[in-house]
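A quick write-up on the structure given underneath.
No value in this document is a laboratory result; all are computed from the given coordinates. These numbers come from a predicted model, not from an experiment. Every residue, glycine as well, gets a Cβ built from its backbone with ideal geometry; the counts of neighbours run over all protein chains shown.
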Ligand code: BV8
Ligand code: ZN
């Protein structure tokens, strides 16, 4: 950890985060043992086809997700990344998460490449609005038609991916936290960074597809490992 802390000190650092960073805020991951995809099949639910074919089931799944997320609070991992940004030790967070917890923790430079579950989008009139009801299908406040959560579903283009690739080309260190690194094109970001000289630091409770290519693998929960690393950084 000490080696990683000195690598990060006063350098251009960026974090890439996945569902694992929000696990200790009580939000289930997708692919872990108690993950969401154990109960639901992503292709059936997190796709536009699912929304078109069965909007009621689709909204049941996303209302369930919104209920899980609504009362969740940022944990020590989210808060540490926000402090690192405040003290100039982190320039961006690129997140696959749609739960909004990085913003709640106070981070500012966030790229939500898979969107945000608290915004809904109307495919009829194009309106995107913040709506936080959790118990029903949300109808557009402009045209009254059915909306969908403004998240990137499987088969849809992810958001600001070009900006994310540009960012990782210029970093000294990419800290990859709580992602199984199996969803594309997000999973390509560490490899792009590495190609341009970045060191890859992975924090996860278990090895992933990325681990063999990471420069450092720190095994442990994000909420206890990240604060430890930052505390060492502050003493350097
Ligand atoms: C697209 C939003 C084309 C909705 C999600 C190659 C190139 C391009 C596409 C593909 C490709 N190969 C395959 C594809 C298709 C697909 C894909 O990647 N499929 C995979 C499953 C094989 N990709 C797409 O469809 C993407 N779209 O490319 O379209 C296109 C291009 C141009 C124009 C038009 C179309 C869209 C992908 C985004 C899909 N949306 N979510 C929703 O959330 O409901 S994906 C979903 O998975 C979430 O966003 C999630 O963030 C993401 C990744 O999962 P993780 O975050 O990694 O979570 P996971 O549970 O997997 O892992 C948790 C990790 O945490 C584990 O490693 C665990 O050990 C660890 N952990 C647990 N506890 C802790 C911890 N770590 C630290 N501390 C802890 N306490
Ligand atoms: Zn509308």
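Here are a few things to note about the model shown:
- Fluctuation leader among 160, 194, 127 - the chain, Gaussian network, Cα springs under 10 angstrom: 127
- Euclidean distance of C-alpha centroids, region 146-208 and region 95-111, integer Å: 14
- Under the simplified labelling scheme, the residue 125-residue 44 pair shows an inter-label distance of 3.5 nm, with each label point 7 Å from Cα along Cα→Cβ.
- In the chain, Cα pairs under 8 Å separated by at least six residues give a relative contact order of 24 percent.
- Compared with the dominant Cα axis of the chain, that is its longest principal axis, helix 222-235 is turned about 40°.
- Against the chain, whose longest principal axis comes from its Cα atoms, helix 55-70 is set at around 40 degrees.
- For region 152-215, the Kirkwood hydrodynamic radius from C-alpha pairs, put into Stokes-Einstein at 4 °C and a viscosity of 1.567 mPa s, yields a diffusion coefficient of 106 µm² per second.
- Taking every Cα-Cα distance in region 47-170 and sorting them into 10 Å bins from zero, the calculated P(r) comes out as 13, 38, 32, 15, 2 percent.
- Between 0 and 90°, nearest 10: helix 76-86 axis offset from the chain longest Cα axis: 70
- Taking only the alpha carbons of region 1-116, we obtain Rg and Dmax values of 16.3, 52 Å in that order.
- Beta bridges from DSSP with both residues in region 65-223: antiparallel share about 35 percent, rounded to the nearest 5.
- Treating each Cα of the chain as an identical point scatterer and summing with the Debye formula, the log10 of I(q)/I(0) at q = 0.07, 0.08 Å⁻¹ comes to -0.23, -0.30.
- Most fluctuating residue given options 34, 150, 99, as computed from a GNM of the chain linking Cα atoms under 10 Å: 34
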